[in-house]
Amino acid sequence: MSTVLITGPTAGIGKSLAVQMAEKGHDLLLVARREHRLREISEEINEKYNVKVNYFVADLKDKNAPQAIYNFTKSLNLDISILMLNAGYQINTRLEEASLDDEEDCLRVLGISVIMLTKLFLNDLKQRGGGHIMVVSSMAAFAPPSGEFAVLYGPVKTFMNRFVEALNGAYNKHNIFATSACPGFTITEFHEVSGVQERMDKVPNYMKMSADDVAKESINGMLKRKEVIITGGLNRFLVATLKWFPKSLIKTIGNALAGGRYK
């Protein structure tokens, strides 16, 4: 039985991805920092959906984490068919206020670990005849960046979307298909952990989606081999119309809503 590897599955979109893939009958490998949450969620999913759930404790801020994760899959002889690279957070300060170490840690989680995990599993995916790679990106990739906080967040997500495009250009011929899932405002622990809950609370409810709905649209799009999935009809409309408005206006609206922050 093939296995789905999911990073950041202990809450929010990641947990919804794990549950919904288990509902479809997939075995799972869950990767996160919090062992007690990993154990609880693994047991809960195993009991409810009767699939095999392994977990591995790793902090993707650690440059050695991707190799350790890969080595763990080899030690259990797991056939990884889908990567769901969901782990992420943001630094809720101005660029000059965060330490170099903090910025490097964030870049490693949001970007470098995604690239390294993909590189490590590519040959295995080729040898097994194909598979899927989902990178949980953001609507922030399409919008002008915040003028105040989390300056690097949007640019990194833009880079991740381009990385997905490059993967498809190089590996579709091997039956490997990459997808960028780009949620907008999503109700998760992300905002509280990142210190932006107060800003998130300003967002009108009609602009927010549940993690379950985001996960469902993302999975369906991935299985249809879509390269980019913008979740939610309103979000798709907004992204489609962004190019028609001055960037200065979009920045003003975004910052008024939630400090310019998207999931």
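The values are calculated or read from the model by the stated rules, or taken from the named source; none is laboratory data. Bear in mind the structure is a predicted one, so any value in this text is a computation, not a measurement. All Cβ positions, even for glycine, are placed from backbone atoms using ideal geometry, and neighbour counts span all protein chains on display.
Applying the set (1) out of contact with any Lys or Arg (no Cβ under 8 Å at 6 or more places or on another chain); (2) at pLDDT 50 or above; (3) surrounded by 14 or more Cβ atoms within 10 Å (Cβ to Cβ); (4) on the phi < 0 side of the Ramachandran plot to VAL193 leaves exactly one unmet item: (2). Modelled with pLDDT of 95 or more, of a type in the set (Ser, Thr, Tyr) and more than 17 Å from ARG33 (Cα to Cα): does that describe THR93? The answer is no for THR93. Look at ILE112 and say whether it is in contact with a strand residue (DSSP E or B) (Cβ under 7 Å, 6 or more places away or on another chain) and at pLDDT 95 or above. Taking the combined requirement at face value, the residue does not satisfy it. For the stretch 56-66, the criterion of being in contact (Cβ under 8 Å) with a residue 12 or more places away in the chain, under 27 Å from LYS226 (Cα atoms) and over 17 Å from the mean Cα position of the chain (by Cα) is met by none of the residues. Does the stretch 18-74 hold any residues that are surrounded by fewer than 19 Cβ atoms within 10 Å (Cβ to Cβ), among the small types (Gly, Ala, Ser) and either in contact with a Ser or Thr (Cβ under 8 Å, 6 or more places away or on another chain) or not in a loop (DSSP other than H, G, I, E, B) (or both), and which are they? Across the stretch 18-74, the qualifying residue is only ALA68. The residues of the stretch 11-26 that are free of Cβ contacts under 8 Å to residues at least 40 places away in the same chain and over 10 Å from TYR49 (Cα atoms) amount to a single one, ALA18. For the stretch 129-188, residues that are outside any helix (DSSP H, G or I) and at pLDDT 90 or above total 19.
Looking across the stretch 218-241, the residues that are part of a helix (DSSP H, G or I) and surrounded by fewer than 17 Cβ atoms within 10 Å (Cβ to Cβ) come down to ASN220, LEU223, GLY233, LEU234, ARG236, PHE237, ALA240, THR241. Residues in the stretch 204-259 that are modelled with pLDDT under 60 and closer than 21 Å to ARG162 by Cβ: ILE250 alone. Taking the numbered list (1) in a helix (DSSP H, G or I); (2) free of Cβ contacts under 8 Å to residues at least 24 places away in the same chain in turn, ALA98 passes all entries but (1). Of the residues making up the stretch 85-101, those that are within 14 Å of ASP59 (Cβ to Cβ) and not aliphatic (A, V, I, L, M) are GLY88, TYR89, ASP101.
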